[in-house]
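Quick notes on the structure that follows.
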Ligand code: FES
Ligand SMILES: [Fe+2]
């Protein structure tokens, strides 16, 4: 059995290994509680994580609760219009002040009815007059860092983290033509997948598996053989990307229901004729074509479970004008996600075999090699330096 030390040495070795010479991670990397703890501490608790879309809180007072790595939070659009992420634990004696989702003008704690405004301020606390330590102003619900990018809500548990722009800027520039800000969610996905988050992540950054897993769904439209890689970024610690040339029947604006529709101004021919898969570290992915976006956000719930949140976006005006297409696409994406979920759970089931061993990555999985290099630099930076110094 590999120890955490072994696993970190192993990750460090990826940094200098050419992409075409990379194997997958060893099985232990998907099972180790110690590695999972380190990933949570060094990656997830310091990164911007996507927790949903603005469409989930369109009106003043709309809210929904989410457990983010055991942090109980409520995402709420305050009566002032601002979206915030508040800690949902009562400042009196820890009761969750709200659960589930809904719309409200204030949060009333069900335990002793302390009452909070939608911006987190405590506005009522019965029978506290005689207390010598009660100070209303210092009893607001604590706030987490939150930023919104093109409708996606991101939260960071690290109060000192750099702004979201640092993490997503390069991806933002690469995807500008896709006008994600003009899209809205037509299909929502929330599920627990039984397997390590890295299995889900890897699955969502390559088109190679379209040849098998998605042969009956999106494999014809975007065949594995169409995979190719844009020149940049190389070893960028913010994201990886790859493109897939669509199948012949879908090329050149052919009138197929799965082809781009609506206002396609501003797209290059390449963007019209390819799928574009973008994986933003650590755990957010968008599979796009012109006018659509199938996104997923992952977070670990222990080493062998992944919380998955996602959705499918389409042009806002198309959703109104063409409800039939919207429905067809939503059905398709549900099938595709079910296939991807199956991949994670089936892989996870094999990891414990005494004969399980890692295998070589395909050149079509260069993005996975880049992901491992990112893990190596992020988790094993000191070991990478030692290796370099020793050479
Ligand atoms: S715990 Fe919330 S009012 Fe007492
Ligand atoms: Fe997939």
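FYI, it's all coordinate maths here, none of it is from the lab. Just so you know, these numbers come straight off a predicted model, no measurement behind them. Here the Cβ positions follow ideal geometry from the backbone for every residue, glycine too, while neighbour counts run over all protein chains shown.
In the elastic network of the chain, a GNM with C-alpha springs shorter than 10 Å, the most mobile of 167, 99, 370 is 99. Just checking the listed ones, 353, 131, 200: in the Gaussian network model of the chain with Cα springs under 10 Å, the one fluctuating most is 131. What separates the Cα centres of segment 224-295 and segment 118-154 is a distance of 42 Å. At 7 Å along Cα-to-Cβ for each site, give me the label-to-label distance between residue 268 and residue 342 in nm. So the two model labels end up 3.6 nm from each other. The angle between the Cα long axis of helix 164-174 and the longest principal axis of the Cα atoms of the chain comes to about 40 degrees, rounded to the nearest 10.
How high is the FRET efficiency from residue 358 to residue 232, r the C-beta distance, R0 35 Å, rounded to 0.05? Let's see the in-between values first.
Numbers: r = 28 Å, r/R0 = 0.80.
The computed FRET efficiency comes out at 0.80.
Each 10 Å bin from zero up to the one holding the largest Cα-Cα distance in segment 1-96 carries the following percent of pairs: 13, 28, 25, 17, 15, 2.
Listed from fewest to most Cβ neighbours within 10 Å, the set 373, 136 follows the order 136, 373. Taking the Cα centroid of segment 163-200 and of segment 1-51, what is the distance between the two, rounded to the nearest whole Å? If we compute the Cα centre of each part, the gap is 22 Å.
So for the chain, averaging the separation of alpha carbon pairs under 8 Å that are six or more residues apart and normalising by length, what relative contact order in percent results? Rounded, it is 23 percent for the chain. With all projection directions averaged, the alpha carbon convex hull of segment 50-149 covers 6.4 nm². For the chain, the Kirkwood hydrodynamic radius comes to 22.5 Å, computed from all pairs of different C-alpha atoms.
Compute the distance from the alpha-carbon center of segment 64-98 to that of segment 321-345, in whole Å. Answer, in whole Å: 31. Compared with the dominant Cα axis of the chain, that is its longest principal axis, helix 33-42 is turned about 70°. Return, ordered by residue number, the residues of segment 65-91 whose backbone nitrogen is under 17 Å from a label point located 7 Å along Cα→Cβ of residue 148. Answer for segment 65-91: 65, 74-86.
The order of the peptides 120-129, 381-390, 145-154 by mean Cβ neighbours within 10 Å, most packed first, is 145-154, 120-129, 381-390. Kindly express, to the nearest 10 degrees and within the range 0 to 90, the angle between helix 4-16's C-alpha long axis and the longest C-alpha principal axis of the chain. That works out to roughly 50 degrees.
When the Gaussian network model of the chain links Cα atoms closer than 10 Å, the mean-square fluctuations of 256, 188, 209 top out at 256.
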